[in-house]
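Beneath this line is the structure, given in structure tokens, with notes to follow.
The values are calculated or read from the model by the stated rules, or taken from the named source; none is laboratory data. All figures in this text were calculated on a predicted structure; none of them were measured in a lab. Glycine gets a Cβ as well: all are built from the backbone with ideal geometry, and neighbour counts include every protein chain shown. The area values use the complete protein model at the heavy-atom level, side chains included, leaving out ligands, DNA and RNA. Shrake-Rupley method; radii C 1.70, N 1.55, O 1.52, S 1.80 Å.
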Amino acid sequence: MQNFEFQNPTKLLFGKGQISTLKKEIPAYGKRILLVYGGGSIKKIGLYEKVISELKEIGAFVIELGGVEPNPRLTTVQKGINLIRENQLDFILAVGGGSVIDAAKAIAAGVPYDGDVWDIVTSKVSAPSNSVPIGTVITIAGTGSEMNGNSVITNWETNTKAFFNSSHVLPRFSVLDPELTISVPRDQTVYGSVDIMSHVFEQYFHGSSHAPLQERIGEAILRTVVETAPKLVNDLNNYEYREVMLLNGTLALNGLTAMGVSPDWSTHLIEHAVSAVHDIPHGGGIAIITPHWMEHVAAVRPEKVAQFGVRVFDLDRAGKTDAELAAEAIQSLKEFWKSIGAPTKLSDYGIDDKEIELMTERAMLADQIGSYVSLTKEDVRKILRNSL
Ligand code: NZQ
Ligand code: ZN
């Protein structure tokens with residue numbers, strides 16, 4: 001294990017009806033509020049009215065920024081920054097999915113920064129310590145954004161999807177009511193399940209030695225998704241399955257399994273490059289790329305892929321090499337994702353080989369990416385080609 005520091009101050013307010021805690025939580029941070037939300041799902045499910053009623057009870061002054069896109073855009077973030085500055089707001093309430101929360105984080109960091117917020121998103125400069133405080137109400141299980149300091153933003157002018165991580169934008173509190181996720185459609189439910197598994201993979205396939213506890217925690221999350229997702233996609237209104245999935249998503253990316261290890265993140269870098277060029281759902285892209293990434297790394301280091309297969313899909317080790325087990329593990333993962341309805345190839349989204357070079361370019365944040373197995377540009381190009 002490597003030395004590490006860990007601090008996660010986000011207060012979780014989990015369970016049915018927890019929306020009613022907003023009036024208690026918010027006043028500590030201020031009553032001039034930017035309310036950030038997406039394309040309208042919160043209005044359809046009656047959540048918008050509930051939030052407004054909570055805000056009225058505390059006499060809040062509210063400015064709204066609706067219409068945050070899935071794969072949120074830099075231009076929307078810049079709009080939010082201007083709204084806060086013009087109206088001297090002191091708190092951001094983000095109500096929605098990972099995209100809404102990520103946009104809120106970039107807005108929060110951009111307000112006290114004199115330059116272009118893209119400098120922060122691309123980690124050229126750090127997020128300021130006086131970033132605007134944020135609270136969230138999460139409406140879809142998957143990204144873990146409700147309890148982490150990550151924000152992923154797309155600049156459409158340059159086809160670049162970049163991310164930053166800062167403790168200064170960690171939500172002060174997050175409301176997690178599984179009931180609010182019941183309206184998530186089947187495809188988005190599948191994407192969320194895939195994304196949760198991928199977040200575990202990125203940390204499970206790490207570049208460090210001896211982290212057995214972190215790996216076991218990751219396997220527990222993976223097994224829970226494998227048990228729950230097939231039941232959930234066939235019973236979308238089931239509160240208990242929604243509850244389990246929501247907590248899975250939070251624990252998969254709140255720093256718990258990254259303690260003491262250097263995570264890999266290549267699959268995410270490759271997917272971010274794909275969705276920066278083609279604007280596809282993040283979890284869909286991840287479902288397509290992951291098996292090809294895993295095949296690539298299994299050819300170099302099959303042992304952890306084999307371990308994953310044995311411990312998560314109960315593969316029988318008897319008489320098999322790690323390479324054979326790894327191949328079975330990848331096959332099991334492909335079959336599992338296909339069985340819940342995840343896409344399997346980029347052409348499912350109408351993507352052909354035209355932009356392979358641009359996507360390869362965008363994925364390569366450095367000369368080599370990844371820490372379990374490091375990937376060169378040529379490796380990334382090959383993984384993308386295999387994903388077509
Ligand atoms: O925009 P609305 O109308 O709200 O609809 C959304 C959107 O169309 C809908 N939705 C959300 N909650 C709903 C609902 N529909 C019905 N009922 C509900 N209760 O679902 C669609 C997708 O929403 P989005 O927020 O885009 O999904 P997700 O949470 O998967 O977020 C994806 C974004 O997060 C980034 C991704 O790259 C992508 O930009 N990521 C953020 C991470 C983080 N902050 O740690 C890590 C991830 O790896 C990921 O990269
Ligand atoms: Zn993800």
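For this structure, a couple of remarks:
- The stretch 200-237 - residue that is free of Cβ contacts under 8 Å to residues at least 12 places away in the same chain and over 30 Å from residue 2 (Cα atoms) and, of those, nearest to ligand 2 (Cβ to nearest atom): 227
- Helices (runs of 4 or more DSSP H) (entirely within the stretch 299-388) containing at least 2 residues that are closer than 22 Å to residue 207 by Cα: 302-312, 322-340, 377-387
- In the stretch 17-54, the residues that are in contact (Cβ under 8 Å) with a residue 60 or more places away in the chain, part of a loop (DSSP other than H, G, I, E, B) and more than 23 Å from the chain's Cα centre (by Cα): 17, 29, 30, 31
- For the stretch 299-334, a residue qualifies if it is β-branched (Val, Ile, Thr) and open to solvent by less than 20 Å² (accessible area, probe 1.4 Å), and the qualifying residues are 305, 312, 330.
- Residue within the stretch 52-71 that is under 30 Å from residue 205 (Cα atoms) and open to solvent by less than 70 Å² (accessible area, probe 1.4 Å) present: yes
- Restricting the stretch 93-116 to residues that are more than 27 Å from residue 198 (Cβ to Cβ) and in contact (Cβ under 8 Å) with a residue 12 or more places away in the chain, the residue that is nearest to ligand 1 (Cβ to nearest atom): 93
- Scanning the stretch 335-351 turns up no residue that is touching a Lys or Arg at 6+ places or on another chain (Cβ under 8 Å), crowded, with 22+ Cβ neighbours inside 10 Å and on the phi < 0 side of the Ramachandran plot.
- Residue match in the stretch 192-205 (condition: outside any helix (DSSP H, G or I) and either over 23 Å from residue 267 (Cβ atoms) or at pLDDT below 95 (or both)): no
- Put simply, of 163, 173 the only residue that is modelled with pLDDT of 95 or more, crowded, with 18+ Cβ neighbours inside 10 Å and farther than 27 Å from residue 19 by Cα is 163.
- Flag for residue 212 being farther than 25 Å from residue 32 by Cα, surrounded by fewer than 24 Cβ atoms within 10 Å (Cβ to Cβ) and modelled with pLDDT of 95 or more: yes
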